[in-house]
Amino acid sequence: MARKPAKKPGTTKTAKSNAGPALTHIGASGEARMVDVSDKPATERLAVAEGRVVMTKATLDLIVSGNAKKGDVLGTARIAGIMAAKRTSALIPLCHPLALSKVTVDIEPDAKLPGCLVRASVKVTGPTGVEMEALTAVSVACLTIYDMIKAAERGVHIEGIHLVEKLGGKSGHYRA
């Protein structure tokens, strides 16, 4: 029986196959690369992401009452999420730096979880989308909530971070 030749380390096909579209951040010889967006038209783009921070009812009550030892949990997490969206290209290696036109981070306490639902919306007019900025905003806002309440409860967990909606660009509208 003939042996298949071994693949060379670092080689990855980038052409489209039956398995789906090519990975845009992988070059022809398998190296990681930043996508060239210089020929893409600047269009209005929007992305919405969300996630949840799950905790006990007692910990949620501390947040809602404003009695957390570190202060205003929701206000601090909201600002952290906005700052994170603006710094995404410094955190995610191959993201383009973007001049964001709008970032909102909404955090709703939810007694049914119990916990907080975190939702970020990011908007730009440019040649590339803002999905990573929205996901980064949600992630950092969730981490900030955890950081501010971990002294009260170590068992808090973050879950369900995902893209909810994306508008604009060549691929059009996506809704989860």
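The values are calculated or read from the model by the stated rules, or taken from the named source; none is laboratory data. Everything numeric here is computed off the predicted structure, so don't read it as measured data. For neighbour counting, all protein chains shown are included, and Cβ atoms are generated from backbone atoms with ideal geometry for every residue, glycine included. Accessible surface areas use protein heavy atoms only, side chains included; no ligands, DNA or RNA. Shrake-Rupley method; radii C 1.70, N 1.55, O 1.52, S 1.80 Å.
Counting charges near T76 (Lys, Arg +1; Asp, Glu -1) among other residues having Cβ under 13 Å from its Cβ returns a value of +1. Ordered from highest to lowest accessible area with the whole protein assembly present and a 1.4 Å probe, E131, E44 read as E44, E131.
Taking the charge dipole of the chain about its Cα centre, with +1 at Lys and Arg Cβ atoms and -1 at Asp and Glu Cβ atoms, the residue from S38, V48, I26 reaching farthest to the positive side is I26. Measuring between their Cα centroids, region 126-175 and region 31-98 lie 5 Å from each other. Put a plus charge on the Cβ of each Lys and Arg, a minus charge on the Cβ of each Asp and Glu, and nothing anywhere else: the dipole of the chain about its Cα centre is then about 760 debye. In this calculation the C-beta distance from K40 to R154 is compared with R0 = 41 Å, giving a FRET efficiency of 0.35.
Computed from Cα atoms, the angle from the helix 73-86 axis to the main principal axis of the chain rounds to 20 degrees.
Pairs with C-alpha atoms separated by more than 20 Å, drawn from the list K40/K86; K123/K150; K57/K150, are K40/K86; K123/K150. Carbon-plus-sulfur accessible fraction, region 75-176 (probe radius 1.4 Å, protein heavy atoms only): 58%. Dimensions of the chain along the principal axes, based on C-alpha atoms and rounded to the nearest Å, stand at 65, 49, 27, largest first.
Report the net charge of residues surrounding A49, where surrounding means a beta-carbon distance below 11 angstrom and charges are Lys +1, Arg +1, Asp -1, Glu -1. In short, -2. Remark: spin-label model distance H25-S101 equals 2.5 nm, labels positioned 7 Å along the Cα→Cβ axis.
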